[in-house]
Amino acid sequence: MRTRKLIFIAVFLLLFPSTSYAAARKNPKAPDIDNRARNIYALFTKVNPKLEPVNAKKYAEIVIEASEKFKQDPYVIAAIIVHESTVNNKALSKGGDYGLMQVRWKVHEKAIKQRFPKVKTAKDMFDARTNIMFGTEIFSDCMKKSNNDVQKGLMRYSAGNTKMRDKVMSTVKELRSKTNKKGK
């Protein structure tokens, strides 16, 4: 057990040098970017132990980037990913929801193809970057329609699923408490 813990710490430190985040390089004054990405990485690997560390890091960085682009809380986006797909980029629901953020292809096909010309079929939504970017954009629209009320925005995003909303809010609270404990 101790060996596994040491390996995890070594991999974590290799994957997360303090200046390696794309978002931090774009905006060196961005507050707490490393802690947020580290917390998201830790959450993703905890929820999905089969997730390769390199993919967890990549997903965390995309979440930060998408959150900044669409002015959303990265912890909310990460929590949506956790509760929609258990951080499985190949997740596919019976209703036709694809990828990490469970984007409904039938509803959003036209908009997806306009925003991402390389996307031709629903299976292209398994691409993590495309899925997180478009899913965050959908959530951003839900937030605008909900006067930036996170709980109402989550209800719109999840088509009224109160359990999902409550789980996301609980996960966000947990992530924020970890950030606060680290000196924020």
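The values are calculated or read from the model by the stated rules, or taken from the named source; none is laboratory data. The model shown is predicted, which means the values in this text are computed figures rather than measured ones. Cβ coordinates were reconstructed from backbone atoms using ideal geometry, including for glycine residues, and neighbour counts include every protein chain displayed. Ligands, DNA and RNA are excluded from the accessible area calculation, which covers all protein heavy atoms including side chains. Shrake-Rupley method; radii C 1.70, N 1.55, O 1.52, S 1.80 Å.
Mind ranking 62-68, 143-149 by how tightly packed they are, going by the mean number of other C-beta atoms within 10 angstrom, highest first?
Ranking the peptides 62-68, 143-149 by packing returns 62-68, 143-149.
Calculate the spin-label point distance for Asn88 paired with Val107, positioning each point 7 Å from the Cα along the beta-carbon direction, and give it in nanometres.
Using points 7 Å along Cα→Cβ, the separation is 2.1 nm.
How do 79-88, 100-109, 46-55 rank on mean C-beta neighbours within 10 Å, highest first?
Output ranking for 79-88, 100-109, 46-55: 79-88, 100-109, 46-55.
Take the residue pairs Lys57/Lys110; Lys110/Lys145; Lys58/Lys167 and return only those whose Cα atoms are more than 26 Å apart.
Details: Lys57/Lys110 30 Å; Lys110/Lys145 20 Å; Lys58/Lys167 23 Å.
Distance filter (> 26 Å) returns Lys57/Lys110.
What trypsin sites (Lys or Arg not before Pro) in region 51-90 are in a loop by DSSP, with at most 14 other Cβ atoms within 10 Å of the Cβ? Mind dumping the intermediate values first?
Working: sites: Lys57, Lys58, Lys69, Lys71, Lys90; in loops: Lys71, Lys90.
Within region 51-90, the qualifying trypsin sites (Lys or Arg not before Pro) (loop, at most 14 other Cβ atoms within 10 Å) are Lys71, Lys90.
Report the one residue of Met155, Leu175, Val119 whose Cα lies farthest in the direction of the positive end of the charge dipole of region 77-184 (charges on C-beta: Lys and Arg +1, Asp and Glu -1; origin at the Cα centre).
Of the candidates, Leu175 comes out farthest on the positive side.
Would you list Phe70, Phe134 from the most to the least accessible area, probe 1.4 Å?
Sorted descending by solvent-accessible area, the residues read Phe70, Phe134.
Within region 50-184, what whole-number % of the accessible surface is contributed by carbon and sulfur, with the 1.4 Å probe and all protein chains included in the calculation?
Values: 3550 of 7330 Å².
Roughly 48 percent of what the probe reaches on region 50-184 is carbon or sulfur.
If I stretch the segment between Asn148 and Val54 completely, what's the gain in nm (0.36 nm per residue apart, minus their alpha carbon distance), one decimal? Provide the component values of the computation, followed by the final result.
Details: separation 94, 0.36 × 94 = 33.84 nm, distance 3.27 nm.
Fully extending the segment from Asn148 to Val54 adds 30.6 nm.
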